[in-house]
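The values are calculated or read from the model by the stated rules, or taken from the named source; none is laboratory data. Worth saying up front: this structure is predicted, and the values here are computed from it rather than measured. Positions of Cβ are generated from backbone atoms using ideal geometry, with glycine treated the same way; all protein chains shown enter the neighbour counts. Please note that ligands, DNA and RNA were not included when accessible areas were found on the heavy atoms of the full protein model with its side chains. Shrake-Rupley method; radii C 1.70, N 1.55, O 1.52, S 1.80 Å.
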Amino acid sequence: MTIATVGLQAVQRAHARLAGNVHRTPLLTSRTLGELTGTRMYLKAESLQKTGSFKVRGVLNRIAELSADERARGLIAISAGNHAQALAWAAARERIPCTVVMPAKASPTKVAASRAYGAQVVLHGEVNEAFAKMEELRAEHGFVLVHPFADAAVIAGQGTIGLEIVSDLPDVELVLVPVGGGGLLSGVAAAVKALRPSCRVIGVEPEGAAGLSAALEAGRVVTLPSVSTIADGLAAPMTSELALAHAQQFVDQVVTVTEAAIADALLVLLERARLVVEPAGAAGLAALLSGVVRTAPDTITAVLLSGGNIDLHKLKELLP
């Protein structure tokens, strides 16, 4: 069965819907990081987005498509934290009840923020067990699922980042995107390739949570038995069929990076660019700094900093 991928028109519709409701985040230059990586470096700072990550884009676009009946039933999602916060914020904004299921060891900062935005938070088990709990609650209560990476409307919303990158940087030659479940990569790649086919789009996963890499190798979605990474925002145990289809059609390469490389990149961003990001947000830069991704000198490069919701205790642990 052929899976329909998200097209440019869907992303453009999402962009029109989101105008005035989310930040058009800056594309920042960094001469220092450019010198370190041998590129002409630009940083797409979604770490400065509402709720601290890109996730509000997809969530708001999905909510815009809900029927009156779906709004009345209430929403549910599974998340390590950023999707939970985005859904909690957006649902409260629209006066829609929502429940988010998070792993028991989810970041306390992200749990507290999700509750503060108004969500009912259920903490349950490891990540695979949390997925199962979410499905149980969904079936029991009839909640409407807002999936973080297996929903075309969510992917179209994330794709608005790609529109902004190409609009602000028409000559972009390389875009690096962190990968958890693959929804962000799917939307960004679909938009960038539609507008600038020659641009390389590379997804970056942590070694301990490489679900998309496993799926690409197997040719089907693979559920990882466990995940282990400091980048909790990328700790999905699998991708989705929809995200896999986007990766196969639009993405040039998916690479993995070590925990040490992610931590090093986070500190470089803090010290050299004065930007606070969470480990997930540093994955793209980690691929360049560690040499996992190599490119021609002075390549015009956009690195997507996907989120800035780092627990301060975790940050102190990562500081030398």
Between the range 281-320 and the range 25-101, the alpha-carbon center distance in angstrom: 19
Please turn the phi angles of the range 227-243 into ³J(HN,Hα) values with the Karplus equation 6.51 cos²θ - 1.76 cosθ + 1.60 (θ = phi - 60°), one per residue in order, whole Hz, x for glycine and proline. 10, 8, 6, 6, 8, 4, x, 10, 8, 7, x, 6, 9, 10, 4, 5, 5
Hypothetical label at LYS105: residues of the range 185-225 whose amide nitrogen lies under 17 Å (7 Å Cα-Cβ projection): 206-210, 224-225
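Computing the accessible area with a 1.4 Å probe over protein heavy atoms, can you report the carbon and sulfur percentage for the chain?
50
Please report, in debye to the nearest 20, how large the charge dipole of the chain is about its Cα centre when each Lys and Arg carries +1 at its beta carbon and each Asp and Glu carries -1 there.
Numbers: 28 positive and 29 negative charges, 171 e Å.
Charge dipole of the chain: 820 debye, to the nearest 20.
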Do any GluC sites (Glu not before Pro) in the range 43-111 lie in a loop, going by DSSP, with at most 16 other beta-carbon atoms within 10 Å of their beta carbon, and if so which? GLU65, GLU94
Extension gain, VAL292 back to ARG31 (0.36 nm per residue minus Cα-Cα distance, nm): 91.9 nm
Inter-label distance, nm, simple model (7 Å from Cα along the C-beta direction), THR2/GLU70: 2.5
List, in order, the whole-Hz ³J(HN,Hα) value for each residue of the range 102-116 obtained from phi through the Karplus relation with A = 6.51, B = -1.76, C = 1.60 and θ = phi - 60°; use x for Gly and Pro. 10, x, 4, 9, 4, 3, x, 5, 6, 4, 4, 5, 4, 5, 5
From the C-alpha coordinates alone, can you work out the Kirkwood hydrodynamic radius of the range 69-140, in Å? 11.8
Along the range 198-207, Karplus-curve 3J(HN,Hα) (6.51, -1.76, 1.60; θ = phi - 60°) to the nearest Hz, with x for Gly and Pro, reads 6, 6, 7, 10, 10, x, 10, 10, x, 4
Heavy-atom surface of the chain, accessible at 1.4 Å and reported per residue (Å²): 40
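Go through LYS105/LYS193; LYS193/LYS314; LYS133/LYS193; LYS193/LYS316; LYS55/LYS314; LYS50/LYS105 and tell me which ones have a Cα-Cα distance over 29 Å in this structure.
Working: LYS105/LYS193 37 Å; LYS193/LYS314 36 Å; LYS133/LYS193 37 Å; LYS193/LYS316 39 Å; LYS55/LYS314 21 Å; LYS50/LYS105 24 Å.
Over 29 Å Cα-Cα: LYS105/LYS193; LYS193/LYS314; LYS133/LYS193; LYS193/LYS316.
Which loop-located trypsin sites (Lys or Arg not before Pro) does the range 138-247 contain, where loop means any DSSP state but H, G, I, E or B and the Cβ has at most 11 other Cβ atoms within 10 Å?
Values: sites: ARG138, LYS193, ARG200, ARG220; in loops: ARG220.
Qualifying residues, ordered by number: ARG220.
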Ratio for the chain, C-alpha Rg to 2.2 N^0.38 Å, reads 0.91
List the residues whose amide H sits under 5 Å from the amide H of LEU75, counting only those 5 or more places along or on another chain, with H placed 1.01 Å from N in the peptide plane. CYS98, THR99, VAL144
